[in-house]
Amino acid sequence: MSLSFCGSENNSAAYNVDSGVLNNGCFLDALTVVPHVFLLFITFPILFIGWGSQSSKVHIHHSTWLHFPGHNLRWVLTFILLFVLVCEIAEGIVSDGFTQSLHLHLYMPACLAFMAAITSIVYYHNIETSNFPKLLLTLLIYWILAFITKTIKFAKYTEHGIGPRQLRFCLTGLLVALYGLLLALEINVILGRRYVCFTHPTEVKPPEDLQDLGVRFLQPFVNLLSKGTYWWMNTFITAAHRRPIDLKVIGKLPIAMRALTNYLKLRKAFEAQKRPDGPQPHGPRWIWRALRQAFGKPLILSITFRFLADLLGFVGPLCISGIVHHISKENHTIQPPVRWLGIYFISSEEFLANAYVLAVLLFFALLLQRTFLQASYYAAIQTGINLRGAMQTKIYNKIMRLCTSNMSMGEMTVGQICNLVAIDTNQLMWFFFLCPNLWAMPVQIIVGVILLYYLLGISALIGATVIAILAPVQYFVATKLSKAQKSTLEYSSERLKKTNELLRGIKLLKLYAWEHIFCSSVEETRDKELTSLKAFALYTSVSIFMNAAIPIAAVLTTFVVHVHLSDDADLSPAVAFASLSLFHILVTPLFLLSSVVRSTVKALVSVQKLGEFFSSDEIGEEQEPKATIPAGCTNHSNYQALPLKVVNRKYPVREDWNSYGLQSDVCTHMYVSAVATFTCVHLRVCFPLGQLTMIVGQVGCGKSSLLLAALGEMQRMSGSVTWNSMTFSYSYSAETLLCSPDRKRGPVAYASQKPWLLNTSVVENITFEMPLIKQRYKAVIEACSLQPDIDILPQGDQTDIGERGIILSGGQRQRISVARALYQTTNVVFLDDPFSALDIHLSDHLMQEGILKLLREEKRTVVLVTHKLQYLPHADWIIAMKDGTIQTEGTLKDVQNSEPELFAHWKALMHRQDQEFQKETVAESATVLERKNLRRAMYSREALKTEEEEEEESAESEGEDSLSQAMRRRTTIPWRSCGRYLGSAGLLLLPLLLLSQMLKHSLMVAIDVWLAHWTSDVIRAKIDAARPNCTLGQDCGLSHSSYLLVFSVLCCLGIVLCLVTSVAVEWTGLRVAKELHHNMLKNIIVAPMRLFETTPLGSLLNRFSADTNTVDQHIPATLECLIRSTLLCVSALGVISYVTPVFLIALTPLAIACYFIQKYFRVASKDLQQLEDSTQLPLLSHFSETVEGLTTIRAFRYEARFRQRLLEFTDANNVASLFLTAANRWLEVRMEYIGACIVLIAAVASITSSLCSYLSTGLVGLGLTYALMVSNYLNWMVRNLADMEVQLGAVKRINSLLKTEPENYEGLLSASQVPEGWPQRGEIQIQNLSVRYDSSLKPVLKHVNAHVRPGQKVGICGRTGSGKSSFSLAFFRMVDTFEGRIIIDDIDIAKLPLQTLRSRFSIILQDPILFSGTIRFNLDPEMKATDSMLWEALEIAQLKPVVKTLPGGLDAILTEGGENFSQGQRQLFCLARAFVRKSSILIMDEATASIDMATESILQRVVMTAFADRTVVTIAHRVHTILNADLVIVMKRGVILEYDKPEVLLGADDSVFASFVRADK
């Protein structure tokens, strides 16, 4: 076939120019080539030479990005232009198909135009990024030329009477309009930027965000193509492969997305609703309105995109119908096209009847639909994240103004406030994510049903009804699901509470051999939890089953009804497969229905809660009093001017008052109502400036309330608090002081009664946002004697303390809190009972060095609340309080004169406190003990550290290889964990799971293949029936009944298998959850003590909480989704390859692309998910920290700094969330585009093979339907793969716990071989004993020999770390004995089973450990003892009277850790517990360390009498407690130094023991 521009027929009319050149169609087409050639010739050199040579310009930095006016419109118009040009090319090709020779002029100009359009946008983009507008002149000329040439062509068509019935006429008209608009845009840019024709061009800078190189989230700034395809994320996601993503990599948020910007937007919306007069709006409606006003616009955009995407979604089924219809037409003849101007024209109906055209249209529709859908998701999620940030900031600002009485009166707990942040703001965010669905679902359903009706008639409505009836059932299942989840949550929190107690008290449980009792108690709760998990699994499987079965059921009923309703039912492939696709579309909104409704309900509840929170009481901003306030306290006429209740005390008028008054710094006259239990009434108080005021009084008389009132924390009924500056107007005549009333209170350094610490390092806690001045810091540390404590910490004062760091004791916390107050440079210092948790030495040191020296020297005003009356002589001013009023005030002398009884009472108390001081000097103080505990905790942590460090070092030595290995590890899927997970399911469930899934998907394919076979036969029968040789005698019709029967059977089988698979998955999940938790608990119980000492409690608890929850609830669902989407993709690709084998060739490149996309995405997604989780923690802990330390923060006036920190935390969390969203969109867009390519290739291949080799039409329909499905499921597959990888991390962590070596519980003797009452005598022989904590550590006891006779009382002493405690643990085989042996009553303890050995001894530990439950359970968990035995034990421990008074006696409940008893009483309970056991050997490990002298003497006496005939080993920290022992052992560094009777040792001159005793005295 010859080829020429205008065609080469012999009498070619194409070259006929008799009626003028412009009336020749071919010439008109040639004319339109001119502008395109012009553009290509001019721009190519500029693009290649100009930008190509400056390769840096290609990787342009985003700081130069600038959008010219009309930027987005230009991109939209260019996309439309490209689409129209593609149509023009296609139209040319189709209309050229009717002639003998090829007419290039029909489509070549359009191809050139297409190239020019692409060049124009690339050229424009490069000009824009380099901000060089003068080069846009080229484009201006191009648009003018293109517009003129197209207009001439259009005018000629109109002149010759070619009208809208011809497609080419319409396309030309469209092109004229588009070129015109683009020309107008270009002129607009000239007017905006004035780069030609004007003398002064406008200077424009890029947006502020882009000048800040820290902003890496570029979605708002890139061009439209990059926005739609997330192209800018490419470098980010591929870089994640090379190095992990952290906060540095993701940078800052753009200004418009920061929490502050959005908070201001929200606040403006709230303010807008306030009325100047009348009631102020409050409650949920107020919040909803504000949200709508602040965040409504982007949500409307998201909904619009969603509508467009949903409407485009219906193009798929219609195109399938059209393509199959076109192929199955019996004759492919179409009436010849019309000729004008010597060329052919075709109508749009003929154009759209072409199968290839439809395939291309389908491809474009899919691309557009997916782009719109992802844009909709992105807009909704971004709005949700912005909203969350704004809400969190609003909640925080409210917290900063909250009235503290709300908290203390229990109206609001820290937990509730944290829930608002952690749960309710997230519920709102999710509601915004799902909001577009609320609007889109009805539209989808209505359009779908209309189309089905158009295809199938009335039977479609019946199918739709089936779906509609099952929707409420789905909603019911969803509500049941959330109920089951709630009850599961209750049980799991109960289980966690028990697990927490078990892990906290594990040492005691092991020593008493009670671990299995507690283990079974946890198991019992776990069984309840599993029962409710079963319900959860059941409803989940029903839900999965319905999602899979509803479409099958609907299709089945529809086709059955359709065939039965009419005899000549049109069941052609075109109808069947189009309706199949439509049913798939219809089911989607119904799956979403339940989750959308649930989310809406939750959001309504959350807004209700937020409404209540926002309307709770606030502290008033301090209103400055307008009157002049006398600070002199004389009874003067000026009182009338004050807003005061009647002052109820006469104050003695004193000569030197004026001198005090002059310096008065804080004068508070107030009537304050504090916590409901009492009120401070009518107080008139002055705290003198620069002096030390002490407030004393009994517990609960309002001392702390007075301080809080001065800080403005109490609700003030009347009166005022005035803070004076040093500037006064002083009037002698009035004898009063005029305070300047125009100033607010400055910052006050305040140390609260309950110490409050931040979760940061020690040094940051003390400096508290102040610059670090070395000298001052040292002085403060010294005054609070913190140096020894800091030395113990692993990183010194850089060590993190608080929730996530190291847990300090009460005294240590208090000293840090006081140090913070001392370090600040405020004029006023309030100390609320700083000595309460300190022993006498520290209190004295702090008083002398800190308060009297540091603060006095700086002339700061100090107000000190205290119970330690021995410090009163130091006070410049004393305020004594009683029942919320002031009993007396003045100097100590004044009190002695005015209230002699009170003074005498004080004197007696002072004397008693001095005695205590002497007593405690003898003893080793509590502080030393605290330090010892800390050191012990550190020691075990250190051991852990060194192991980790060694591993790290060895890893580092491998250098680069290890890095690449680690990176490789990040990219591979944890198959081993997956295998371990599935392996736990057992031999029965696993094959069932895999087989049922395979069978189900094979059946699904079988159903569709049968449908294809059936519909093809229908067509064949029709063709046969139309033949002339079909006489009346023959039955030429087709009987549907046999086909229908097979179809129904297959469908029913499919539904049954859906049920089997969904149950199998959930059952597998349950089985694995049960197995893993059971094994983990069993392993933890028998693990050696070393594990608990080296692993932080939090991480062990995490295995039982977060990880178990993942295994219980998340993995099964993800696994099901993953299996389903993978098998669907595999079966779909299989079917397409079967229908058109050619497809396999095209599949290879697509598969490679898929592989790389998922590989890169998984790594980035995992990092971003972890980053999102890790940024949420500091945010939540900042909230709880703030709520707990509210008073302190407000006293210091640090609200602004804390708000700033909140904004940083919120933005960090939000930027991680946004990047995660963008990464998900990046993946989905790419996968959807690959899906669209698969559809295009499958369509073209099947059309071609159908036209050439008569492939049956049913199979074409089948192939196309499956191709459409692939595009839906590809990204699900990758997303689930990524989720699965993150979730399998939990299995991996649990497995690492399961690998711990258990203690050796078996002995050489069985339990039955051990004599019943062993040990009866209690004789202990220790022979050459060496002990270590772990085979990798140094020995802690070396070659120890000792012999204890029955009934002897042995005392062991030595400095910290000398091996005393290890000695006691050796009896219980808690440490590794690698040499020597211990023989008790002639049996070597190494031969006994551990359980038996430990159950025969008693031990009292240094820390009293009690469990929540009854007193009876605490004394005797094994339930072996009778009531009389228990009462006897309590009597011996001096606890009988206490327990008698409790409700329920022995069955009285102890709270967690026995918090409702004092430390001393708890220790006595532990003694009673040891006594109940009645073993002949008792070991006391520093048991009296934490109790006062009185209780200790009781304990000693009890031990001597009650245990008179038993062997008692006492490890002593106060040496005087073992002076009357039978035998004393002095240890040093794991070796016995001295071993004799105490009197012998005391007699010896060089005895270490004697030196200890002397030091003690």
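The values are calculated or read from the model by the stated rules, or taken from the named source; none is laboratory data. Just so it is clear, the model here is predicted, and its values are computed rather than measured. Glycine gets a Cβ as well: all are built from the backbone with ideal geometry, and neighbour counts include every protein chain shown. The area values use the complete protein model at the heavy-atom level, side chains included, leaving out ligands, DNA and RNA. Shrake-Rupley method; radii C 1.70, N 1.55, O 1.52, S 1.80 Å.
Data table
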| read-out | value |
| --- | --- |
| DSSP-loop trypsin sites (Lys or Arg not before Pro) across segment 232-306, with at most 14 other Cβ within 10 angstrom | K274 |
| Beta bridge orientation in segment 1385-1542: antiparallel %, DSSP, nearest 5 | 45 |
| Distance cut-off 19 Å, percentage of C-alpha pairs in segment 1135-1227 lying past it | 62 |
| Segment L311-V601, extension gain: residue separation times 0.36 nm, minus the distance between their alpha carbons | 101.6 nm |
| Eligible lysines near K134 by straight Cα distance, threshold 20 Å, same-chain separation 8 or greater | K57, K205 |
| Residues of type lysines that K394 reaches as a straight line, Cα spacing below 19 Å, ignoring anything fewer than 8 places off in the same chain | K265, K268, K274, K609 |
| Cα gyration tensor shape for segment 1382-1524, rounded if a/c is under 1.5, else prolate or oblate | oblate |
| Quotient of Cα Rg and 2.2 N^0.38 Å for segment 276-328, N being how many residues it contains | 2.25 |
| Label-to-label distance, nm, for residues given as H516 and L1177 (7 Å Cα→Cβ offset) | 3.7 |
| Spin-label model distance (nm) - C1252 vs L40, 7 Å beyond Cα toward Cβ | 2.9 |
| Calculated on alpha-carbon atoms, Rg and Dmax of segment 1213-1292 in Å | 18.2, 59 |
| Two-site FRET efficiency, S487 against W231, from Cβ-Cβ distance with R₀ of 51 Å, rounded to 0.05 | 0.60 |
| Distance histogram in 10 Å bins (all Cα pairs of segment 1323-1377, percent per bin) | 22, 56, 20, 2 |
| Sulfur and carbon atoms: percent of accessible area, segment 1506-1561 [1.4 Å] | 52 |
| FRET efficiency for R275 and K1440, using Cβ-Cβ distance with R0 set to 56 Å, rounded to 0.05 | 0.25 |
| Counted charge near G228, where neighbours are those whose Cβ lies closer than 13 Å (Asp, Glu -1; Lys, Arg +1) | +2 |
| Alpha-carbon centroids, segment 521-562 and segment 815-890: separation in whole Å | 66 |
| Simple spin-label estimate for S1048 and L987 in nanometres, 7 Å along Cα-Cβ | 4.3 |
| Computed lengthening from A1025 to A1390, 0.36 nm per intervening residue step minus Cα-Cα distance | 121.8 nm |
| Gap separating the Cα centres of segment 1100-1159 and segment 352-428, nearest whole Å | 27 |
| Euclidean distance of C-alpha centroids, segment 1208-1286 and segment 250-298, integer Å | 38 |
| Residue pairs, from the table K1478/K1541; K486/K602; K297/K398; K486/K507; K602/K1292; K774/K859, whose Cα atoms sit over 23 Å apart | K1478/K1541; K297/K398; K486/K507; K602/K1292 |
